[in-house]
1. List the residues, sorted by chain then number, that are 5 or more residues from Gly116 or on another chain and whose placed amide H is less than 5 Å from its amide H.
2. Run the numbers for His63 and Arg123: contour at 0.36 nm per residue of separation, minus the present Cα-Cα distance, in nm.
3. Could you list the residues of segment 101-141 with an amide nitrogen less than 12 Å from a label point located 7 Å from the Cα of Asp89 in the Cα-to-C-beta direction?
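No value in this document is a laboratory result; all are computed from the given coordinates. This one's a predicted model, so the numbers in the text were calculated from it and none came from an experiment. Here the Cβ positions follow ideal geometry from the backbone for every residue, glycine too, while neighbour counts run over all protein chains shown.
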Amino acid sequence: MKRFFVLLVMMATFSLKGFAAGYGEPELLTFIGIFIIVWGILEVILFFKIWGMTNNVRKLTNHFCKHVVNTEQTYVPTTPCDYESDDYDHRLDNVKVGDKVRRIADGKILEVVSVGDEAIQCRGGMLDGIHSYPKESLSFV
């Protein structure tokens, strides 16, 4: 897209030089000028549409994903949520701090940091930090 716009600007520049010299085509210059103005207006409209869509991400996340709100952490899913499965691992009811669990979404092994009634806080590594996960999204290792 940028190459196309640069090409149009170059064409407009050459048309202006030719028009100033007295042998240019004013119709082409008018067409290119109108085209560039319309292009600019559409770019501004697209910018504001994308900006508006970024505000809807939180609404979509709340609609499609379960959130377990904890005073320390809020669960923020990193993959599409499909935690409504019947394959709940009941061994998670007896999990203790220090045990290893597997995140069902991607199979990553996590270390249990704390256990709550509905959620388990896990550490995935030095860079991942600590996150809360609903029990339905984990399996016991």
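1. Gln121
2. So the chain would gain 19.0 nm between His63 and Arg123.
3. Taking a point 7 Å out along Cα→Cβ of Asp89, the residues of segment 101-141 whose backbone N falls under 12 Å are 101-112, 135-141.
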